[in-house]
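The structure appears below as structure tokens.
Read-outs: derived from the displayed coordinates by stated rules, not from any lab. For clarity, every value in this text was computed on a predicted model and none was experimentally measured. Neighbour counts are summed over all protein chains in view; Cβ atoms, including those assigned to glycine, are modelled from backbone coordinates with ideal geometry.
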Amino acid sequence: MTDASVTAQSNGAVAQEGRSLWQDAMRRLRANRPAVASIVILILITIACVLGPTLSPHTFDAVYRDYVKVPASLSSYPRDEQIEPAMRTALRRARVEIGEWTVEDDRIPIVITSTREIDPRLNRYLDRAALFENAQVLDLSDDKRSARLVADITRLYFFFGTDANGRDLMTRILKAGQISLSIGLLATVVALSIGVAYGAAAGYFGGRIDSYMMRFVDILYSLPYTFFVILLVVFFGRNFVLMFIAVGAIEWLDMARIVRGQTLSIKRQEYVHAAQAMGVGTRGILSRHIVPNLLGPVVIYMTLMVPKVILLESFLSFLGLGVQEPLSSWGVLIAEGSRNLQGATWMLIYPALFLTTTLFCLNFIGDGLRDALDPKDR
Amino acid sequence: MYSYVFRRVFSALPTLFVVITISFFLMRVAPGGPFNLERPLEAKVMENLMRIYNLDKPLWEQYAIYLYNLFQGDLGPSYFFRDFSVAELIAQGLPISVQLGGLALLLALTIGCGLGVIGAIKQNQPADFGVIALATIGITIPNFVVAPVLTLFLAVHFDILPAGGWGDGALANKVLPVLTLALPQVAVIARLTRGSMIEALHSHHIRTARAYGLPGRVVVVRHALRSALLPVVSYMGPAAAALLTGSVVVETIFGIPGIGRYFVQGALNRDYTLVMGTVIVIAVFVVLFNLIVDLLYSLLDPRVRYD
Amino acid sequence: MSGPLLQVSNLVVDFDTQDGVVNAVRGIDLCVAKGETVGVVGESGSGKSQIMLAIMGLLDRNGRASGAVRFDGQEILGLPNRRLNTIRGNRSAMIFQEPMTSLDPCYTIGDQVAEPIRFHRGASAAQARARVLDLLAQVGIPDPEEKIESYPHELSGGQRQRVMIAMALANEPDLLIADEPTTALDVTIQAQILELLAELQARYGMAIVFITHDLAVVRHISDRVYVMEAGVVVEEGATKTIFANPTHDYTKMLLAAEPSGVKHPPEPDAQTVIEAAHVDVIFSSRTGLLGFSKTRNVHAVKDISLRLRQGQTLGVVGESGSGKSTLGRALLQLLPSAGEVRYEGRALHGLPERDLRPLRREMQIVFQDPFGSLSPRMTVGEIVTEGLLVHEPRLSRSDRERRADEALLEVALDPSMKRRYPHEFSGGQRQRIAIARAIVLKPRFILLDEPTSALDRSVQVQIVDLLRDLQQTHGLSYLFISHDLSVVRAMADEVMVMKDGALIEQGPTEAIFQAPKTDYTKALIAAAFDLKTAA
């Protein structure tokens, strides 16, 4: 294979403007269809999570008492069969006889009669139910014993159904996505900063400093890390900001190990020796030789770390240690879903779908980046 | 060999000590205490409890007492499960967790390695893509999604397995938890094996074996798989320790009385001794399995020697 | 004796790569008679190894072969592995370039040599063992009874290649394919292995296909030669005829590609640039766990003194592990060492890095590996100008660019290539870039650490010429480290021979080559030059 690749390379060296390894990698990444599809899907999910909750007709904490645990559906609520019981329940308190009624599109005219005088303000009873609005009492008869009550039916859509409190699941999932994605991103940044600084320092200084620094990491490794996160969460309280610091503070260990290993191996490369022999100082060697060559593995690892962090956050949320109501994250929703498994499967399926799709995409992107940046592994 | 094992066990003691120390103090820094219940106790009762459990003493003294007792093999009483000692709780829960974890481990190793080898041999063919897809699914879908989904289908929908409970260790009760525990491990092992197998199949000594007309089975199993197992072995060290010491999620969802749950329950209830007990169990397992990994390494690869 | 043993017709080998299809072999014909030795010669990338891998069904997964290959009358190209396995390791055998990695590190050499015997002959464990012991003795492994239990990593490179040969002979094959079997070995070991192969061929009467880039080896060993360039056989014929009357330009070029000429000696009163006295380098490594550590010392350089004058080239010669590179780095203060080093009379030892930095501009270094010594994420322009940033920080950007252009022109590279990245260049071009990086600072002394060893012969010659020209123009002093005696002979005024960190012999180049005094130097020179004259 070496022979073949050499010819391929020399044939490729025709362009006047050089192609950097990054440009090569991007070209290879664009050719990787699963990775490109993943990037597109991830962008769509992100946009939906960022814009969705504001565009949605429901707020993420709006409670619809009439629609507790309604199944996911593309058609609107209320269902025809729901209208009558809801109307009767609403009007029971009004103490009127319900005569003829029909559903005309989004309006419901009802003929009502009563033994007493009908109060024109009884439209309130109907308005109070989430199903109806703009109720009006029309054609009040002269004896005020009969009238026509007309109300608009509020058509609501719950594409993903509602949860056990009657809140729209789609809005909640998108809102939860904001939390999950931002924790994933922020915690990764925290882990990245600590890990890269620590690992690069250990790798670059080497020798005794390195062995002490890594000994410390080894000890932290042998601590059960969930224990750590749980303690941090218990200690700091269930706070959104501290949440990702806690998660990031755990995940940096892997990063530090990887960066250290890479730094050590780059330091042994002849181009670093050449720079040293040329009198380039520590700063020049770090900035021109070590960091640019470190970037590849770091970027790869970062894309693989985001899903890990999201997963860890979901795991904590699942245990009830994550963000608090009314905010939620995908993990919280999945936990609720698995508690309502019997009879409300959509409560598990949709959040799980969002979480796993995101994780899938991030994994594919990470793998794609690795293949693109490290083409020898094909 | 024996002297190496002895030295390794000996050198693990400082690590264990550091783990115990950090856990002990970290636990105590957290606000709240084991008896700060929702309904506050009477001051007198509280005082008595604190005295009985030595919690009124200065922290360093409590630490010294804990270490002293630990040295004599006493893990102390549980503050939450008040009729039990921590040792009793662990003695009840650990065998169950080890049983489930062990089964999952065996399942994961056989299926994972098998799939990985198939993927590597059939690289970039449909069978390989199947293995990659399965591995990605197993890695990305978290166990707290897998467990309810499996329950939904196998227990609720088809009603062929119990949805939860331990049932005194009946086989049917073990199926779902073991599957849930094994699936992500199958995925990781298959992926690792596939990757290292591909690398091994490209190595020069495999080219030699093929150039000398050795049958494909011999080339794959004798020459490639052996070196390809090394990364799997080093992954399996911590993974096995984690599996055998129980999973909070699986034990919670399926209602299994293992020790995985004690950990979270203990932390939430500030059951200091119970948390310390589980931490020690986990740390001992980690140390033990790292040692086993190193020994397996030298068994698989003669270049690694410990003398 | 009907027909040739191996008949290859119109063999084509293609590889599918991300950059499209690469044609490694473009339709070659080749034939090997029973018992003869055929050499296949070509430079890297000529496709010579791929031919043999294709014949034996060992191509990488992305490779495809077409054409016809007849082994003893039977068509074998594209046969399923099961059928091929009746031939591979039984009637044919291969040995490879990489003695370090060609054996499975997990099994003893006894197990591995026995495998083909057991699979092809169905021998019992005891029979196989007896045969292995016999084979190991035949290939000159000392104490076969003991060595049969060793693992490959416990043997030296030469011994491993001997084990490979034992394995190849196990079933007394009709055809032995040897793919650069001596390239990774030191010259003295190379000579022994070639001798062994010749001796075994005389005993067993097998045919040998010898693939190599080294014309001297081919001339020494083979009856007929195929010369390959870029996937095509450009010339073939009896070895003697081709070496005496090459017809194709490429063959002529290869034959002329022996480094030649001598260096003009420096002025007799040239001033001393570098002087070193009693340099010692000891590497200590600590092994073991906390509290049980052991310190192991390796004495890499032992008590070396030298003097290098302006315009002079001092060659340092030795086999791998002789400490020659370590000595070079110690001189440049890139490694901690004991002893004394003076640059233009100024003691360098113990100087802090800050004080050394201005001197670093005048002492440059060029490494062996043209692939590893250039930072892969910097453009050629950035690589060449980096030293100027450090040593002439006040230079304007355009002045820096101009200096880089000059340096690139001096090493015969087009300055418009400045914006490209190292991976876009060939090995020889990269080595030129590395030289440009060194001379852009206008140094007085350059440490050349095996600068030609990773290059093809024809490129080597160009680099040797380039280095000599630059030395002439700028009055440079070189410390030239190499294991390749013919290159040293063409480059150096004076030669130091090193072995195991110690100086064995030192003197003017021609004196050493004409009349070596020590046995070690004699053996080295014999191994390197006898091949050329033996044919």
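When you filter the trypsin sites (Lys or Arg not before Pro) in segment B:1-92 for DSSP loop state and at most 12 other Cβ atoms inside 10 Å of their Cβ, you are left with B:Arg82. Dividing the summed -39500 (n - 2.57) terms of all DSSP H runs of n ≥ 4 by the residue count of chain B sets its mean residue ellipticity at 222 nm at -23500 deg cm²/dmol. First measure r as the distance between the Cβ atoms of C:Met253 and C:Arg64, then evaluate 1/(1 + (r/R0)^6) with R0 = 35 Å and state the FRET efficiency to the nearest 0.05. With R0 = 35 Å, the Cβ-Cβ based efficiency is 0.70.
All other residues whose Cβ lies under 15 angstrom from that of C:Ser373 are scored, Lys and Arg at +1 and Asp and Glu at -1, for a net of +2.
Per residue of C:405-414, other chain Cβ atoms within 10 Å of the residue Cβ number 0 on average.
Under a Gaussian network description of chain B, with springs only between Cα atoms under 10 Å, the residue in B:Phe254, B:Phe158, B:Phe35 that fluctuates furthest is B:Phe158. Given a cut-off of 21 Å, name the pairs among A:Lys267/C:Lys418; C:Lys499/C:Lys522; C:Lys263/C:Lys418; C:Lys263/C:Lys302 whose C-alpha atoms lie farther apart than that in the structure shown. With Cα atoms farther than 21 Å apart: A:Lys267/C:Lys418; C:Lys263/C:Lys418; C:Lys263/C:Lys302. Full extension of the segment from C:Ala126 to C:Asp500, taken as 0.36 nm per residue of separation minus the current Cα-Cα distance, would add 130.6 nm. Between A:Ser75 and A:Tyr157, the modelled label-to-label distance comes to 1.5 nm, taking each label 7 Å out from Cα in the direction of the beta carbon. Hull volume per residue, based on the alpha-carbon atoms of segment A:271-368 and their convex hull, is 119 Å³. Each Lys and Arg Cβ is given +1 and each Asp and Glu Cβ -1; about its Cα centre, chain C then shows a dipole of about 840 debye.
Placing dummy labels 7 Å off each Cα toward the beta-carbon, the span from B:Ile22 to C:Ala33 is 7.6 nm. Once you order the gyration tensor axes a ≥ b ≥ c over the Cα atoms, which shape class does segment C:187-228 get: rounded for a/c under 1.5, otherwise prolate or oblate by comparing a/b with b/c? It comes out oblate by the Cα gyration axes. Note on B:Lys122: lysines with a C-alpha under 25 Å away, same-chain residues under 8 apart excluded, are A:Lys376. Its alpha carbons give the protein assembly as shown an Rg and a Dmax of 38.1, 140 Å. Residue ranges A:300-307, B:188-195 sort as B:188-195, A:300-307 when ordered by packing (mean number of other C-beta atoms within 10 Å per residue, highest first). Helix B:86-121 axis versus longest C-alpha principal axis of chain B: approximately 20°, rounded to the nearest ten.
Placing pseudo-labels 7 Å out from each Cα toward the beta carbon at C:Glu392 and A:Gln23 gives an inter-label distance of 2.8 nm.
Equivalent-ellipsoid semi-axes for segment B:2-71 (Cα gyration tensor, √(5λ), whole Å, largest first): 35, 12, 9. Roughly what % antiparallel, to the nearest 5, for the DSSP beta bridges in chain C? Percentage antiparallel, nearest 5: 60. Radius of gyration over Kirkwood radius for segment B:31-177, both on Cα atoms: the Rg/Rh ratio is 1.17. If you line up the long axis of helix C:125-138 against the longest principal axis of chain C, both from Cα atoms, how many degrees apart are they, to the nearest 10? The helix C:125-138 is inclined about 50 degrees to chain C. Tell me the mean residue ellipticity at 222 nm calculated for chain C from its helices only (DSSP H runs of n ≥ 4, each -39500 (n - 2.57), averaged over every residue, nearest 500). Calculated mean residue ellipticity at 222 nm is -11000 deg cm²/dmol.
Take the Cβ-Cβ distance between C:Thr272 and B:Ile52 as r, set R0 to 56 Å, and report the resulting FRET efficiency rounded to the nearest 0.05. Step by step, r from the Cβ atoms, then E = 0.05.
Applying a DSSP loop filter and a limit of 15 other Cβ atoms within 10 Å to the trypsin sites (Lys or Arg not before Pro) in segment C:74-103 leaves nothing.
Which log10 I(q)/I(0) values, to two decimals, does segment B:88-300 give at q = 0.10, 0.13 Å⁻¹ under the Debye formula with one point per Cα? For the requested q values the scattering log ratios are -0.51, -0.80. Could you list, bin by bin from short to long, the percent of Cα-Cα pairs of chain C in 10 Å steps? With 10 Å bins starting at 0, P(r) equals 3, 16, 24, 24, 19, 11, 3, 0. Calculation over all alpha carbon pairs of segment C:140-250 in 10 angstrom steps from 0 returns a P(r) of 12, 40, 32, 12, 4, 0 percent.
Seen against the Cα atoms of chain B and their longest principal axis, helix B:226-244 is set at about 20 degrees.
A Förster radius of 41 Å combined with the Cβ-Cβ distance from C:Ala511 to C:Ala338 puts the calculated FRET efficiency at roughly 0.85.
The packing ranking of peptides C:432-443, C:392-403, C:271-282, highest mean first, is C:432-443, C:271-282, C:392-403, where packing means the average number of other beta carbon atoms within 10 angstrom of each residue. With the contact rule set at Cα under 8 Å and sequence spacing of 6 or more, what percent relative contact order holds for segment C:93-212? Across segment C:93-212, relative contact order equals 35 percent. Considering only C:Leu169, C:Ala184, C:Ile221, the residue lying farthest towards the positive end of the dipole of segment C:150-229 is C:Leu169, judged by Cα position with unit charges set on Cβ. For segment C:52-137, relative contact order (Cα pairs under 8 Å, six or more residues apart, normalised by length) works out to 18 percent.
Averaging sequence separations of C-alpha pairs under 8 Å and six or more residues apart, then dividing by the length of chain C, give the relative contact order as a whole percent. Intermediate results must be reported in sequence, preceding the final value.
On the way: 1049 pairs, mean separation 77.5, N = 535.
About 14 percent, as a whole number.
The packing ranking of peptides B:223-232, A:334-343, highest mean first, is B:223-232, A:334-343, where packing means the average number of other beta carbon atoms within 10 angstrom of each residue.
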